[in-house]
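S.K.: Below is one structure. I have some questions about it.
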Amino acid sequence: MNLSILLLFLPASACLFWIMMNFFVSRRTSTFWVLTALSVVLMLFFVADAIYATPGMSPDVVVYSHLLTIFTGPCVLPLIWMYFDRLRNHRRFRPLQFLWVLVPFSLVFAALALTSVIGKESVAAFLTDLYAKGPTVAPSYKGSLVWYYYVWASVSFRIAVALELIVALVYFLVYYFKGKIRIPHMIGFLRSGESIRVLELQLFNMIIPGIFVLTKVAIFKNVLEAYPWIAIAQSIFITFGFFVFIFCGLFGEKEKITLVQAKHIMLYNYNSAIKGPIIEIMMEELLDDAEQDALIRFREKVGENIQLDAMTPGEITAVKEKLFSSVAGSWDDSLLTRFQNLMVNEQLFLQPSLSLQDVAERLHTNKTYISKLVNNTYNLGFPELLNTLRIDYAEQYLLNHRDAKQSEVAKACGFHSASSFNNMFKKITGVTPKVWLASNDRQNNA
């Protein structure tokens, strides 16, 4: 096995490395799953491509590796588009965005059907000839079923990838002009430490490896055997480009980054939905390692009148807790304000199926943090607070709609049924809605 064939496995190894590393180092950013899917698809494509290029493989392995190639190849560019869409808009994927899967499934199912009719040995022999002699061997099969396999599984495959490439180029040009993508921005990022948009950085990162991935699809294997340096260059550039692309993909939640931030990846690749808890964890770890001179410099920056001279370990711990609680408290205050605005001003509690997860998503945090905030602020669990707000609203509703049916009141106040509303009203106020309204009328008439 020559060097060019061995190096075909290098990009697949890089993909496998990042698939494993992402689960350890990623903070589950909004682009995490689409990048993971892209890594898996690329790994399968490179493995299948390398196996297909390896001499002496059995007919079954040759056929199935080729099928895997024509399935994964058309998946790469659509997954890249989805990544940039998520990076740009930070929104959920829409069902129509997955229509592209019809292309690889159509290609592989048709190829499987033709393979079952032709026979794996015949298809494998043709693919071996195609590998050794290139497309010039195909005309000799005209009129046979193998010819139709070639047209569908090889020519149609390349046409599909070419069409995807055209769309990708249009996509890039639109981003280039509308998004103000400029080469000087990249130069400033690398040389002067200037910030650059993550979207812009990733577009630059994929240009060179993208070109070599496309040459891998376009160039037949006989050319690679005749010119092994092409295979070597492909593998090196693809591997390096993939490493850089996935590394920068860890900044999926940030609008811009600098080179300094890129060197401290673990401080910046968290999901914005769990910003509060992540900041707490980072501060706790940093303050645990803080030395006395570091605390002095911190005091000078924040202007705190903290006496640090000759402090005991216990006193230094108290200072750390004070600094931490002051910063964490500012996050709590901000989150509490937004929570109260959402629940009181927007009256989100009137939604019948409202859950803690729904509120967390609206506030871009996690449900555990919201639960702790509610417990610490109101001394209530979230369901209890929700029902209390609903019953308070129900009291005003009853006063303004005296003739309303109980089912109507229950629906207006966020309850699923009249019975659940009646039971909760009695639990909180001690009486039924009817008795409460009558009692209120007596007090007003007294």
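S.K.: Find all pairs meeting these conditions: Cβ atoms under 9 angstrom apart; at least six residues apart or on different chains; first residue within region 68-94 and closer than 17 Å to residue 203 by Cα and without any contact (Cβ under 8 Å) to a residue 24 or more places away in the chain; second residue outside any helix (DSSP H, G or I) and of a type outside the set (Lys, Arg).
M.R.: Listed pairs, sorted by first residue: 85/93.
S.K.: Being acidic (Asp, Glu), in a helix (DSSP H, G or I) and surrounded by 14 or more Cβ atoms within 10 Å (Cβ to Cβ): is that true of residue 408 here? Give the steps one after another, and end with the answer.
M.R.: Values: acidic (Asp, Glu): yes; in a helix (DSSP H, G or I): yes; surrounded by 14 or more Cβ atoms within 10 Å (Cβ to Cβ): no.
For residue 408, the condition - acidic (Asp, Glu), in a helix (DSSP H, G or I) and surrounded by 14 or more Cβ atoms within 10 Å (Cβ to Cβ) - is not met.
S.K.: Just checking, which of 43, 1, 21 is aliphatic (A, V, I, L, M), out of contact with any His (no Cβ under 7 Å at 6 or more places or on another chain), farther than 22 Å from residue 155 by Cβ and at pLDDT 85 or above?
M.R.: Just one listed residue meets the conditions, 43.
S.K.: What number of residues in region 182-199 are among the hydrophobic types (A, V, I, L, M, F, W, C) and more than 23 Å from the chain's Cα centre (by Cα)?
M.R.: 5
S.K.: Another question, if that's okay. Got a sec? Which of 146, 174, 151, 108 is under 30 Å from residue 254 (Cα atoms), assigned to a helix (DSSP H, G or I) and hydrophobic (A, V, I, L, M, F, W, C)?
M.R.: The match here is 174.
S.K.: If the requirement is being in contact (Cβ under 8 Å) with a residue 12 or more places away in the chain and outside the structural domain of residue 413 (by TED's automatic domain parsing), which of these qualifies: 363, 398, 389? Give the steps one after another, and end with the answer.
M.R.: Details: 398 fails: outside the structural domain of residue 413 (by TED's automatic domain parsing); 389 fails: outside the structural domain of residue 413 (by TED's automatic domain parsing).
Going through 363, 398, 389 in turn, the sole match is 363.
S.K.: Kindly check whether there is at least one residue in region 149-156 that is under 30 Å from residue 84 (Cα atoms), surrounded by fewer than 17 Cβ atoms within 10 Å (Cβ to Cβ) and out of contact with any strand residue (DSSP E or B) (no Cβ under 9 Å at 6 or more places or on another chain).
M.R.: Within region 149-156 (the criterion being under 30 Å from residue 84 (Cα atoms), surrounded by fewer than 17 Cβ atoms within 10 Å (Cβ to Cβ) and out of contact with any strand residue (DSSP E or B) (no Cβ under 9 Å at 6 or more places or on another chain)), the answer is yes, since at least one residue qualifies.
S.K.: Would you mention how many residues in region 41-63 are surrounded by fewer than 19 Cβ atoms within 10 Å (Cβ to Cβ) and closer than 16 Å to residue 115 by Cβ?
M.R.: The number of residues fulfilling the criteria is 5.
S.K.: Could you tell me whether any residue of region 371-379 is in contact (Cβ under 8 Å) with a residue 60 or more places away in the chain and of a type in the set (Phe, Trp, Tyr)?
M.R.: No, region 371-379 contains no residue that is in contact (Cβ under 8 Å) with a residue 60 or more places away in the chain and of a type in the set (Phe, Trp, Tyr).
S.K.: Same structure again: So how many residues does region 182-214 have that are crowded, with 19+ Cβ neighbours inside 10 Å and not in a helix (DSSP H, G or I)?
M.R.: 3
S.K.: From the set of residues in region 30-40 that are surrounded by fewer than 19 Cβ atoms within 10 Å (Cβ to Cβ) and in a helix (DSSP H, G or I), which is nearest to the chain's Cα centre (by Cα)? Working first, answer last.
M.R.: At the first step, the residues of region 30-40 found to be surrounded by fewer than 19 Cβ atoms within 10 Å (Cβ to Cβ) are 30, 33, 36-37, 40.
With in a helix (DSSP H, G or I) added as a condition, the list becomes 33, 36-37, 40.
Numbers: 33: 5, 36: 8, 37: 10, 40: 14 Å.
Checked region 30-40; the qualifying residue nearest to the chain's Cα centre (by Cα) is 33.
The values are calculated or read from the model by the stated rules, or taken from the named source; none is laboratory data. Since we're looking at a predicted model, the values are computed, not measured. Positions of Cβ are generated from backbone atoms using ideal geometry, with glycine treated the same way; all protein chains shown enter the neighbour counts.
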